[in-house]
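First up is the structure itself, then whatever we jot down about it.
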Amino acid sequence: MRTDTLLATTGRGLAKKAGVVNPPVYHASTVLFPSLADMRIAQQDTAKNFVYGRNGTPSTFALEEALAAIEGGDRAIACPSGMSAIAIALMAVVQAGDHLLVVDTVYDPARIFLTHTLQRFGVAVTYYPPSMGADIATLIRPETKAILCESPGSHSFEVQDIPAIAAAAHAKGVIVMLDNTWATPLYFRPFDHGVDVSLQAATKYIVGHSDCEMGAIICTDAVFPAIKSQAMRLGTCVGPDDAYLTLRGLRTLSARMPRHQETGLQLARWLQQQPEVAAVLHPALPGSPGHTLWKRDFRGTSGLFGAVFHPGISEAAIAALVDHRRYFGIGFSWGGFESLMLPTNPRKVHPLTPWPYDGPSIRLHAGLEDPRDLIADLEDGFSLLRTVMADAGTAA
Ligand SMILES: *Cc1c(COP(=O)(O)O)cnc(C)c1O
């Protein structure tokens with residue numbers, strides 16, 4: 001089945017039974033069994049059968065079926081947030097004395113989890129620069145259990161050589177995990193490139209409407225039992241209304257992503273033409289870091305990218321640009337229908353990754369507004385930025 005058709009059809013078994021289009025929302029803790037014998041049968045596989053709300057309801061099972069199908073993995077585990085998906089997947093594969101390799105451009109709260117939780121529990125972590133490919137083999141130790149990748153990094157947008165990393169990892173029995181939030185399953189097919197565990201902050205593009213938190217771990221059958229049982233031991237579960245919203249967002253993913261892509265590219269090209277801009281960090285633009293790898297491995301780009309200004313541009317001028325906005329919101333997260341803009345500091349969050357720029361940087365998310373309105377908004381913002389710079393020049 002082709003992806004768009006899959007998005008429209010997967011995870012709808014329950015709905016069919018009820019004669020409606022969307023699977024019903026199951027609010028449940030207790031599940032009642034017709035008999036003790038039925039209960040005993042259901043208990044034989046608590047990861048699959050509906051036995052107790054915390055282990056998953058039909059609402060979460062429908063979502064998990066869809067997430068696994070779309071991402072191209074065998075099984076999926078819905079988690080309360082993208083961050084919890086990362087934490088659960090990592091905890092599932094290590095014990096004290098083990099070692100993890102983690103890309104330097106990893107989502108910053110994941111680094112905080114590693115430092116303050118896993119390292120405290122005796123797990124060693126080595127960060128590696130995103131430019132490492134097959135040479136990651138030199139960092140693999142006998143006790144290395146997994147390599148965590150994130151491609152591209154969501155501040156500096158380097159693309160990783162996932163197939164080379166996967167080949168090196170699998171040669172030594174190491175699991176490859178990838179945070180695939182930026183590309184979504186539509187634009188990067190993790191399991192075709194050797195990934196064992198794909199992590200999604202579904203909060204972003206899959207939910208797509210900035211109205212709920214959701215994470216997903218999508219994995220091969222080989223690692224599923226370890227990760228699912230870890231998630232159950234931690235007591236994490238997903239509310240049925242959030243599962244419903246996520247499944248609803250998923251249905252339109254393939255209608256939204258090309259629009260995010262197109263508008264993002266238009267904004268990126270416009271920014272490239274501004275004399276104050278030193279570089280636009282967008283994997284789909286030739287000359288951007290990782291463009292060659294992106295072209296080889298990806299099927300498209302999302303709407304999140306960065307821009308770096310020349311060193312002379314002041315923080316006050318950037319603040320004038322970001323504060324002026326009819327359409328660009330100031331806020332964390334991305335992937336919703338609305339555009340966002342935020343100053344960034346990649347040097348601070350990615351200490352091992354070369355950052356050849358001295359000027360300030362921003363990150364933009366292209367939403368679903370008309371790109372002409374967004375560019376007009378940027379034009380106004382840039383003229384304010386120029387006013388601030390000119391005033392500073394006069395004052396000096
Ligand atoms: C937002 C984000 C996360 C965390 O997702 P939450 O649902 O907010 O916990 C993880 N990885 C990346 C790349 C993200 O952008």
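For this structure, a couple of remarks:
- Where labels lie 7 Å past Cα in the beta-carbon direction, separation of Arg326 and Leu368 in nm: 2.1
- Loop-located chymotrypsin sites (Phe, Trp or Tyr not before Pro) across the range 281-350 with a Cβ neighbour count of 16 or fewer within 10 Å are Tyr327, Phe332, Phe337, with loop assigned by DSSP.
- Computed FRET value (nearest 0.05) for Met39 with His209, which takes r as the C-beta separation and R₀ as 45 Å: 0.70
- Degrees between helix 162-171 axis and first principal axis of the chain (Cα, 0 to 90, nearest 10): 40
- Max mean-square fluctuation residue, GNM over the chain, Cα-Cα springs under 10 Å, options Gly359, Gly290, Gly11: Gly359
- Taking other residues whose beta carbon is less than 12 angstrom from the beta carbon of Gly359, and scoring Lys, Arg as +1 and Asp, Glu as -1, yields -2.
- Note on the range 134-251: Rg/Rh from Cα positions, Kirkwood definition for Rh, rounded to two decimals, is 1.00.
- Segment His170-Gln272, extension gain: residue separation times 0.36 nm, minus the distance between their alpha carbons: 32.7 nm
- Between Ala37, Gly56, Ser229, the Cα set farthest toward the positive side of the dipole of the chain (charges on each charged residue's Cβ, about the Cα centre) is that of Ala37.
- Among Ala37, Ala278, Ala62: highest mean-square fluctuation, GNM of the chain, C-alpha pairs under 10 Å: Ala37
- When the trypsin sites (Lys or Arg not before Pro) in the range 122-211 are filtered for DSSP coil states and for at most 14 other beta-carbon atoms within 10 Å of their beta-carbon, the remaining sites are Lys172.
- Considering only the range 3-251, percent of DSSP beta bridges that pair antiparallel, nearest 5: 40
- The chain, accessible surface, carbon-and-sulfur percent (1.4 angstrom probe): 55
- Projecting the Cα positions of Pro258, Pro311, Pro286 onto the charge dipole of the chain (unit charges on Cβ atoms of Lys, Arg, Asp and Glu, taken about the Cα centre) puts Pro258 furthest along the positive direction.
- Over 21 Å between alpha carbons, listed pairs Lys48/Lys228; Lys48/Lys145; Lys145/Lys228; Lys48/Lys204; Lys17/Lys48: Lys48/Lys145; Lys48/Lys204
- Spacing of the two label points (7 Å from each Cα toward its C-beta) at Trp355 and Ala226, in nm: 3.4
- Maximal additional length on extending the His310-Thr252 stretch stands at 17.0 nm, based on 0.36 nm per residue less the C-alpha distance.
- Ranked packing of 131-140, 280-289, most packed first, by mean Cβ within 10 Å: 280-289, 131-140
- Averaging the sequence gap over all C-alpha pairs within less than 8 Å and six or more residues apart, then dividing by the number of residues, gives the range 256-395 a relative contact order of 28 percent.
- Space enclosed by the convex hull of the alpha-carbon atoms of the range 256-395, per residue, Å³: 109
- Applying a DSSP loop filter and a limit of 13 other Cβ atoms within 10 Å to the chymotrypsin sites (Phe, Trp or Tyr not before Pro) in the range 69-124 leaves Phe121.
- Taking only alpha carbon atoms, the chain gives an Rg to Rh ratio of 1.00, where Rh is the Kirkwood radius.
- Kirkwood-Stokes translational diffusion coefficient of the range 127-194, alpha-carbon pairs, 4 °C, 1.567 mPa s, µm²/s: 106
- Between Asn22 and Asp4, the contour length at 0.36 nm per residue exceeds the Cα-Cα span by 4.8 nm.
- Only Cα pairs under 8 Å and 6+ residues apart enter the sum, and on that basis the relative contact order of the chain stands at 16 percent.
- C-alpha center-to-center spacing [the range 1-64, the range 128-142] in angstrom: 41
- For Ile313, neighbours were defined as the other residues whose beta-carbon sits under 11 Å from its Cβ, and their charges (Lys and Arg +1, Asp and Glu -1) total -2.
- For the chain, adding -39500 (n - 2.57) for each run of n ≥ 4 DSSP H residues and dividing by the number of residues yields -11500 deg cm²/dmol at 222 nm.
- Charge dipole magnitude, Cβ of K and R +1, D and E -1 - the chain, Cα centre, debye nearest 20: 880
The values are calculated or read from the model by the stated rules, or taken from the named source; none is laboratory data. Predicted model, so just to flag it, every value in this text is computed and none were measured. No Cβ is skipped: glycine too gets one built from the backbone with ideal geometry, and neighbour counts run over all protein chains shown. Surface accessibility is based on the protein's heavy atoms, side chains included, excluding ligands, DNA and RNA. Shrake-Rupley method; radii C 1.70, N 1.55, O 1.52, S 1.80 Å.
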